[in-house]
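Okay, so here's the structure we're looking at.
The values are calculated or read from the model by the stated rules, or taken from the named source; none is laboratory data. For clarity, every value in this text was computed on a predicted model and none was experimentally measured. Reconstructed Cβ throughout: ideal geometry from the backbone, glycine too, with neighbour counts over all protein chains shown.
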Amino acid sequence: MKNFIWILGILLILSGCSTTKTVTPSTRPAAKVTWAERQSALSQLQSWHLNGKIAVQTSNDSGSASLDWFTSMNRYSISLAGPLGANAMKLTGSAGQVTLQMSDGKRYHASSPEQLLKTQWGFHLPVSSMNYWIRGLPVPGISARSSLDNQGRLATLIQQGYRIDFLSYANFGKWNLPERLSIVSPSLRVKMIVYQWNVT
C-alpha cells in the first residue's frame with residue numbers, strides 16, 4: 001500500500017518542462033482579467049517545470065513526498081521522493097507510451113498513465129486531467145461545475161467525480177497560477193503545494 005501511495009502521488013500531478021529561469025511566488029496582486037481571457041491564456045501554457053510537495057490519503061493509508069515535474073508539450077517527466085530521497089520514483093511519458101521506474105530499478109510500461117495505474121494497482125485515476133487542473137483549468141469537452149473567485153480564477157471545480165479546491169494562487173513571473181490545491185473524491189484526498197513554477 002505504501003508503494004501505491006507513492007505512485008498515486010506521482011500520477012496526481014501531471015505537468016512540467018525545461019525552462020530558463022526559476023521564479024518564486026510573488027504576493028503582488030494579480031491583474032484582474034475575465035475568466036474567458038484567463039482560460040484562453042492558460043490554454044496556451046504547454047511547457048513548464050514545477051516543484052513542490054504532495055500529500056495523499058486513502059481510507060487505508062497516507063503518505064507525502066516532494067515533487068519535481070517537467071512538461072514540454074506532450075512529453076513529461078515526474079519525479080517523486082520521500083524524506084532523504086526514500087522510495088524515489090520517476091514517471092516519464094509521451095503520447096501512447098508511459099514508463100514508471102521504481103527505486104529498485106524495476107520498470108513498468110503502458111500506453112497511458114491511466115492504464116499503467118490500473119494495471120499495476122487496480123485503481124482508476126484520471127491522470128491526464130491533472131494536466132489541466134494544475135494550471136487552474138477544467139478539462140475541455142467534459143462536463144463540469146465550477147465557481148470563480150473575485151479575480152476571475154477557478155475557486156472550485158467539480159469534474160469526473162472529483163472536487164478540486166484552488167486554495168491559493170501566486171504570481172510566478174507574468175503567470176498567476178495555482179499554489180495550493182485540494183483534490184477530493186469518495187476514496188481519495190490529495191493536497192498539493194507548488195513552491196516554484198518555471199514557465200517557458
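Data for the structure
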{"read-out": "The one condition in (1) over 16 Å from the mean Cα position of the chain (by Cα); (2) farther than 19 Å from L80 by Cβ that R107 fails to fulfil", "value": "(2)"}
{"read-out": "Total residues in segment 81-95, condition within 19 Å of P126 (Cα to Cα) and modelled with pLDDT of 80 or more", "value": "5"}
{"read-out": "Criterion (under 23 Å from F70 (Cβ atoms) and at pLDDT 90 or above) met by exactly one of M102, M192, M130", "value": "M192"}
{"read-out": "Output for segment 155-191, where each listed residue is basic (K, R), more than 18 Å from S62 (Cα to Cα) and in a strand (DSSP E or B)", "value": "R163, R180"}
{"read-out": "Within segment 30-70, considering residues that are of a type in the set (V, I, T) and either out of contact with any strand residue (DSSP E or B) (no Cβ under 9 Å at 6 or more places or on another chain) or within 21 Å of P140 (Cβ to Cβ) (or both), the one surrounded by the most Cβ atoms within 10 Å (Cβ to Cβ)", "value": "V33"}
{"read-out": "Tally, over segment 63-82, of residues that are over 15 Å from Q97 (Cβ atoms), touching a residue at least 40 places away in the same chain (Cβ under 8 Å) and not polar (S, T, N, Q)", "value": "8"}
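So that you can scan it fast, the table gives a plain yes or no per residue for (1) surrounded by fewer than 17 Cβ atoms within 10 Å (Cβ to Cβ); (2) touching a residue at least 12 places away in the same chain (Cβ under 8 Å); (3) more than 20 Å from Q46 (Cβ to Cβ); (4) within 15 Å of the chain's Cα centre (by Cα):
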{"residue": "T156", "(1), (2), (3), (4)": "yes, no, yes, no"}
{"residue": "G161", "(1), (2), (3), (4)": "yes, yes, yes, no"}
{"residue": "P178", "(1), (2), (3), (4)": "no, yes, no, yes"}
{"residue": "S182", "(1), (2), (3), (4)": "yes, yes, yes, yes"}
{"residue": "V190", "(1), (2), (3), (4)": "no, yes, yes, yes"}
{"residue": "Y195", "(1), (2), (3), (4)": "yes, yes, yes, yes"}
